[in-house]
Amino acid sequence: MSKKSVGLAKSNYKNPVIKWVDQRLPIFTMLDKEYGQFPTPKNFNYLWNFGPILVVTLLIMIITGVFLAMFYTSDIGYAFESVERIMRDVNYGWLIRYIHMNGASMFFIAVYLHMARGLYYGSYKQPRELLWMTGIIILLLMMATAFMGYVLPWGQMSFWGATVITNLFSSIPLFGETIVTWMWGGFSVNNATLNRFFALHYLLPFVIFAVVFLHVVALHITGSNNPTGIEIQDERDSVPFHPYYTAKDLFGILVFLLFFSIFIFYVPDYLGHPDNYTPANPLVTPAHIVPEWYFLPFYAILRAVTANISFFGVTLMDAKLGGVLLMFGSIFVLFILPWLDTSPIRSTKYRPLYKFFFLFLIIDLLTLGYVGGQPAEQPYILIGQIATAYYFSHFLVILPLLVKFEKTSPMPKSIHDAVTKNI
């Protein structure tokens, strides 16, 4: 019988320890294939850095969250005081909490820029539909995680934000009140609510990590999009991921962490709300209840419906339900975007008319963000309604029509031609 080992994988590594591990668990060969030799378009710009930045930020959030959970008490009588103890008495607790607190904002800044890049360069189009859809699922999970995390300090804005947002589900016909009661664990936002939110806030980041894994797998199967929107045709169009993009990504991550550090050490409370440094009081309603800044555009869409929808005096849908449907619809429309924009040209670089509408969409989203942070009064309500109407018109009307009427610019034959001729 041959003495040759059976079932061992082939390994080209010379280091005996690495080779021994790689033959039995070829993780190093897999990493080299997927992140070393992986052919990548050679015309990436720095907007492609936000994928790795998001992975690093997620890991930072999970690590700091685990440490904070060691000292946090999920009880309405002690939650606020436990956060104060973390800030004052736990060694470097203030630093861990500031990293985690501002990390949520950094996460959303990076994901919104990542999505804007995808929208601009058509990264949602065939064959990357599932890649885009898993990204939208990650966004929804992030929103749920961030909302529940904002409740945990049990300050005034935490309590009232939880009360207002969870109450929205009561507008769902037939099952709304049951859903709200289940979420609360009772008949008001109380101790059971805080415990449930704490458990889910701890769990969901690991769910996000699992979906991110699927997102990366889908990326490596379909390959990356690039600024021209042209697929790799031969070896002239690509470079190995390492060392070209590992070095570029590392630089982008360091710059982002520097930006992150400015908030941590110099303006840690700039993106928060001062009312959340007051313990929750169910008997005192804040003058102006607002969510975190990254929810403001969706909050403005929620408030855009101000009247019931009636037919011959019969109310078909109340304003509250209409606002909830619009808010969730603003995410769903992104989910089906690959089938709304059927233009064969991916990159906005070669779509001059769409470039104008894309810029207008960014202005519209910034307007919604501004309006969402203002009181629910005129003229902000009217501005929010106009901005909401354009948001949905952009995806449901403008994009399908542009396919028929837009005259696109000439495209290069390959990525190599675009790089060498600077097209």
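Laboratory data are not the source of any read-out in this text; all were calculated from the coordinates shown. Note that the structure is predicted; figures quoted are calculated from it, not measured. Quick reminder, even Gly has a Cβ in these numbers, built from the backbone with ideal geometry, and neighbours come from all protein chains shown.
What nm distance separates the two modelled labels at L214 and T342, each placed 7 Å from Cα along Cα→Cβ?
Roughly 2.7 nm, to one decimal.
Which three lengths, in whole Å and largest first, does region 290-423 cover when its Cα atoms are put on their principal axes?
62, 33, 22
Leaving out same-chain residues fewer than 8 places away, which aspartates and glutamates sit with a Cα under 20 Å from that of K19?
Reachable aspartates and glutamates: D32, E34.
Anyone know which of P297, P375, P173 comes out most mobile in the 10 Å Cα GNM of the chain?
Greatest mean-square fluctuation among the candidates belongs to P173.
Using the Karplus curve 6.51 cos²θ - 1.76 cosθ + 1.60 with θ = phi - 60°, work out ³J(HN,Hα) for each residue of region 212-225 in order, rounded to whole Hz, and write x for Gly and Pro.
4, 4, 5, 4, 5, 4, 4, 5, 6, 7, 8, x, 7, 6
Work out from phi, with θ = phi - 60° and the Karplus expression 6.51 cos²θ - 1.76 cosθ + 1.60, the ³J(HN,Hα) of each residue of region 74-87, listed in order in whole Hz, and give x for Gly and Pro.
8, 9, 4, x, 10, 4, 4, 5, 5, 5, 5, 5, 4, 5
Taking amide hydrogens as modeled 1.01 Å from N in the peptide plane, which residues meet the under 5 Å criterion relative to T40, leaving out close sequence neighbours?
V239, F241
Along region 322-329, what does the Karplus equation 6.51 cos²θ - 1.76 cosθ + 1.60 (θ = phi - 60°) give for ³J(HN,Hα), rounded to whole Hz, x for Gly and Pro?
x, x, 5, 5, 5, 4, 6, x
Can you work out the base-10 log of I(q)/I(0) for region 46-286 at q = 0.18 1/Å, using the Debye formula on its C-alpha atoms alone?
Relative scattering, expressed as log10 I(q)/I(0), comes to -1.37.
How large are Rg and Dmax for region 191-296 when calculated on the C-alpha trace, in angstrom?
21.6, 68
Quick one: divide the alpha-carbon radius of gyration of the chain by 2.2 N^0.38 Å and tell me what you get.
1.12
If amide hydrogens are placed 1.01 Å from N in the peptide plane, which non-local residues have theirs closer than 5 Å to the one on M317?
I309
Quick one: which of K42/K125; K248/K407; K10/K248; K320/K355 span more than 26 angstrom between C-alpha atoms?
K248/K407; K10/K248; K320/K355
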